[in-house]
Amino acid sequence: MASSQSFTMLYFASSRDAASGLSSESIPLPAGTDSITVKEAVKLIIERHGEKMEKVINTAGLAVNVEYVDLEEELAGKAETRVKAGDEVAVIPPVSGG
């Protein structure tokens with residue numbers, strides 16, 4: 001679980017690969033803040049993990065505390081789900097199968 005001033009990112013499938021094999025990591029909130037938007041959280045993980053993560057995010061789903069958010073709306077600034085200290089944010093790439 002994340003410390004009191006951070007949130008936990010969870011990575012699955014190709015997002016785990018993009019995160020250098022990490023299944024989770026604690027991301028500190030910026031100093032002086034008690035929450036950030038999903039858009040800001042995405043920016044932080046792309047800054048940490050680069051272009052490979054950005055490509056995954058472009059096709060992935062995102063959940064905050066086990067509730068999916070509309071990533072397209074979040075990134076366009078039309079929604080502002082907040083990520084607070086102690087929250088869990090999951091990057092869930094599309095799955096295929098049969």
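The values are calculated or read from the model by the stated rules, or taken from the named source; none is laboratory data. Only a predicted model underlies this, so the values are computations on that prediction, with no experimental measurement involved. In this analysis, Cβ positions are derived from the backbone assuming ideal geometry, glycine residues included, and neighbour counts consider all displayed protein chains.
Go through the range 1-21 and count every residue that is in contact (Cβ under 8 Å) with a residue 12 or more places away in the chain and either in a loop (DSSP other than H, G, I, E, B) or under 21 Å from Glu80 (Cα atoms) (or both). Let's see the steps before the verdict.
Step one: list which residues in the range 1-21 are in contact (Cβ under 8 Å) with a residue 12 or more places away in the chain, which gives 1-15, 17-20.
When the remaining residues are screened for being either in a loop (DSSP other than H, G, I, E, B) or under 21 Å from Glu80 (Cα atoms) (or both), the result is 1-10, 12-13, 19-20.
Number of matching residues: 14.
Take the range 70-98 and flag every residue that is modelled with pLDDT under 95, more than 23 Å from Lys55 (Cβ to Cβ) and in contact with a helix residue (DSSP H, G or I) (Cβ under 9 Å, 6 or more places away or on another chain).
Within the range 70-98, just Glu80 meets the criteria.
Does any residue in the range 27-39 that is among the hydrophobic types (A, V, I, L, M, F, W, C) come within less than 8 Å, Cβ to Cβ, of a residue that is surrounded by fewer than 19 Cβ atoms within 10 Å (Cβ to Cβ) and in a loop (DSSP other than H, G, I, E, B) six or more places away or on a different chain, and which pairs are these?
That search, which allows pairs on different chains as well, returns Leu29/Gln5; Leu29/Ala85; Ile36/Pro30; Val38/Ala79; Val38/Glu80.
For the range 48-56, state whether one or more residues are buried (at least 17 other Cβ atoms within 10 Å of the Cβ), touching a Pro at 6+ places or on another chain (Cβ under 9 Å) and not β-branched (Val, Ile, Thr). Let's see the steps before the verdict.
Taking the range 48-56 first, the residues buried (at least 17 other Cβ atoms within 10 Å of the Cβ) are 49, 53, 56.
If we keep only those that are touching a Pro at 6+ places or on another chain (Cβ under 9 Å) too, we end up with 56.
Filter once more, so that each one left must be not β-branched (Val, Ile, Thr): none.
Scanning the range 48-56, I find no residue that is buried (at least 17 other Cβ atoms within 10 Å of the Cβ), touching a Pro at 6+ places or on another chain (Cβ under 9 Å) and not β-branched (Val, Ile, Thr), so the answer is no.
Hey, can you tell me all the residues within the range 82-98 that are surrounded by 14 or more Cβ atoms within 10 Å (Cβ to Cβ) and over 19 Å from Tyr11 (Cβ atoms)?
First, the residues of the range 82-98 that are surrounded by 14 or more Cβ atoms within 10 Å (Cβ to Cβ): 83-93.
Scanning the range 82-98 gives Lys84, Ala85.
Quick one: count up the residues across the range 57-76 that are crowded, with 20+ Cβ neighbours inside 10 Å and under 16 Å from Thr8 (Cβ atoms).
1
Kindly provide the set of residues from the range 60-86 that are over 17 Å from Ser6 (Cβ atoms), part of a loop (DSSP other than H, G, I, E, B), under 13 Å from the mean Cα position of the chain (by Cα) and not small (Gly, Ala, Ser), ordered by number.
As a first pass, look at the range 60-86 and keep what is over 17 Å from Ser6 (Cβ atoms): 60-63, 66-81.
Still in the running and part of a loop (DSSP other than H, G, I, E, B): 60, 66, 70, 76-81.
Adding the requirement that they be under 13 Å from the mean Cα position of the chain (by Cα) leaves 60, 66, 70, 81.
Answer for the range 60-86, where residues must be over 17 Å from Ser6 (Cβ atoms), part of a loop (DSSP other than H, G, I, E, B), under 13 Å from the mean Cα position of the chain (by Cα) and not small (Gly, Ala, Ser): Val66, Asp70, Thr81.
When you scan the range 26-43, how many residues do you find that are surrounded by fewer than 19 Cβ atoms within 10 Å (Cβ to Cβ) and not in a strand (DSSP E or B)?
Number of matching residues: 8.
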